[in-house]
Structure formats: structure tokens, C-alpha cells
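The values are calculated or read from the model by the stated rules, or taken from the named source; none is laboratory data. Everything numeric here is computed off the predicted structure, so don't read it as measured data. Backbone-built Cβ (ideal geometry, glycine too); neighbour counts: all protein chains shown. Just so you know, the surface numbers come from the protein's heavy atoms only, side chains and all, with ligands and any DNA or RNA stripped out. Shrake-Rupley method; radii C 1.70, N 1.55, O 1.52, S 1.80 Å.
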Amino acid sequence: MKYITLITIAVVLNACNATKTNSQETGDVSEKYASSITAKDLKKHLYIYAGDAMEGRMTGSKGQKMAAEYLRNFYQDQNIPSPIEDLNYYQPVPASYFKRVKDAKDSENIVAYIEGSEFPDELIILSAHLDHVGMDDEGNVFNGADDDGSGTVALLEMAEAFQQAVKDGKGPKRSILFLHVTGEELGLYGSAYYTDNPLFPLANTVANLNTDMIGRIDPDKADTPNYIYLIGSDKLSQELHDVSEAVAAKYSSDLELDYKFNDENDPNRFYYRSDHYNFAKNDIPVIFYFNGVHADYHKISDTPDKIEYELMEKRTRLIFHTAWELSNREVRITADKL
């Protein structure tokens, strides 16, 4: 009788341990991969991407080509494929497309792609612009660390997190396109080119999450720096807005979602001034993540040493969690306000 009891206890303990292990393994998967997005890695990338060697990344310039190569090499090293063809991450944007731009040069968007496991034809686009404004006549470099080096390297970190999930057999149900667009500073040209020449049908594009300047603090928010401005989340889709709010409440409760610039009467009109707008014009729900302007905006003083990397980590993780939720929902969100 004693022997049988010991066996019974052992079986129960093993079952409990198995349950505990399974619980740990199947805990909050999104949290696990978001934790790989770190201030350290964001800083490592940004000091290179917004360094003087990139010469301010003016569209079509040598520095912008170097920046594009950095992005391409990253995706190759991470074994994240191109949606175009093997080892070709460039969507060419010809000089002729840059209308009203004097002495325009050929440029390119950079694209990388993770195919969804259950709904591969449905697409979430994560975007950021890879360009900045170059150098002045005296050779001073406009590094553009915040604008938009911050958004660019945030995409790299999110891509790496999603790719690790794929390696672990927990990849997203919907496809993810990592879209680094050129020509934003000249007039949103790269994103316009993509929406005019989409690699995937726009009708299948569920949402665009656009990241443009997330590394600094608006002087008006100096006393409450744990914030991020969200623009556009409720313009086309109440579902998108609700998902965004729920994700933030669950994963980023210490980060204020500030909708100051989402006001239709906002004189800055930021909703119309970054790359998400070209998707919104095509009835695709969008969120624009933004920290607001500051004294170094479009100046040679927008340098990597002034970035708030711990805060940038929080903001990037929020965007990742939102993308994760959108890509893994059983039913896609819709533009329910049209």
C-alpha cells in the first residue's frame, strides 16, 4: 500500500511539474520576444546608423546608399528574407519619381519580410524612413539620430524579435513587411512610391504602424517623460484604436498614450507629415508613433548621444506588442470608420 502511495505521489508531482513547465513555456509569448529589444542594442545600431560616416543620409547620396547597405546587411545576417527575390532587399525608386526635387538621384526603399503561418496573404507593415537631410555647405553632418534614425533602428530590433519567434516555431500568423522608405524629408516620396507600386495588394494590408522620431522628449513633457504621441489610430479604424489601447494597458501601463497631435485642429498637421499618410490615403488603418519636436529637430545637433535609450526601449516594445497582437488575432481588424 505504501509503495502504491509513493508511486501515486510521484505521478502527481511529475504532472504538476509538467503543468508548471508548460505554463512557463506557453506564458506570455509576446513579452518573451519583446524583452529582446534592449536599450543597449538600439544604441549600438544608432551610433552607427546616425554616425558621421553616413553623411546625413540625403536621398540618393553616397551616405544614404551606405545606410541602405547597413539595413540590407542586417536583414541578411538575421536570415530575414526579401519579398522581392533572394538577397535583393531594394525596391528601386527612380530619380524621375522625385517630382519638384532639384537634381534628384535614384534611390531605393529597403524591404524585408516574414511570412505569416496561418494568414500569409494578410500583411502588417512596419515602416520608418531611412533618409535625412545630408550635410550643409561647410560639411557639417545632420546626423538625424532621432529623425529618423530612432525609428529605423527600432524596426531592426522588432524584426530580430519576430525572427527569433519564427526560429522558435512561434512566428506571426499574418505576414510582416519591414519597410524602410526613402525620400520622406523631400515629401514622403518613398512611401508614396510603395503605395503606387505595392509589393503586396493594398487590399490585403491590414495596418501600417509608422515610427518616426521616438528617441527624445518633447520639452512640454519634461516633467512627464514616460509618454508617446499616437496619431491616426482612430481615424479609420476604431478596432485598431481599441487594440492599441488594450495592448498599452497590458504591457506598457507606465507609458502614457498622448493624443495631443491627433486633434483634427492641431496646427502642426503631423497626421499628414509622415509616411503613414500614404497608407491612410489608401484606406489602410495607421498609427504614427512620435515623440514630438525638440530644439535639435533638423539641426546638426540631432546626435546619438542625446537619445533617451531606456525610454526608446519602452516605446519600441509597445510598438512590437501592438504589431504582435495585430498579426496574431484570429480575425483581422478592418477600416470600420469608412
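Structure above, values below:
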quantity	calculated
Pair Glu245, Glu69: separation of 7 Å Cα→Cβ label points (nm)	4.8
For segment 156-306, share of DSSP beta bridges that run antiparallel, in % to the nearest 5	30
Normalised contact order of the chain, rounded percent, pairs of Cα under 8 Å and 6 or more residues apart	22
Nearest 10 degrees, 0 to 90: helix 238-251 Cα axis against the chain principal axis	60
Largest-first principal axis extents of the Cα set of the chain (Å)	92, 48, 43
Accessible area per residue in Å² at 1.4 Å probe, computed on the chain	44
Cβ-derived FRET efficiency at R0 45 Å, Gln76 paired with Thr224, nearest 0.05	0.65
Rounded to 10°, Cα long-axis angle of helix 151-167 versus longest principal axis of the chain	30
Length gained when the stretch Asn88-Ser253 is fully extended (0.36 nm per residue, less Cα-Cα span)	55.4 nm
Segments 71-81, 129-139 sorted - mean Cβ within 10 Å per residue, highest first	129-139, 71-81
Of all accessible heavy-atom area on segment 109-162, the percent that carbon and sulfur account for (1.4 Å)	38
Cα→Cβ-extended label distance, 7 Å offset, between Lys62 and Ile48, nm	2.0
Segment Asn140-Lys32, length gained on full extension (0.36 nm per residue, minus Cα span)	34.7 nm
Ranked packing of 307-317, 213-223, 143-153, most packed first, by mean Cβ within 10 Å	143-153, 307-317, 213-223
Asp121-Asn282 pseudo-label distance in nm [points 7 Å out on the Cα-to-Cβ vector]	1.7
Tilt relative to the chain, helix 62-77 - C-alpha long axis, 0 to 90 degrees, to 10	10
Max mean-square fluctuation residue, GNM over the chain, Cα-Cα springs under 10 Å, options Phe270, Phe178, Phe279	Phe270
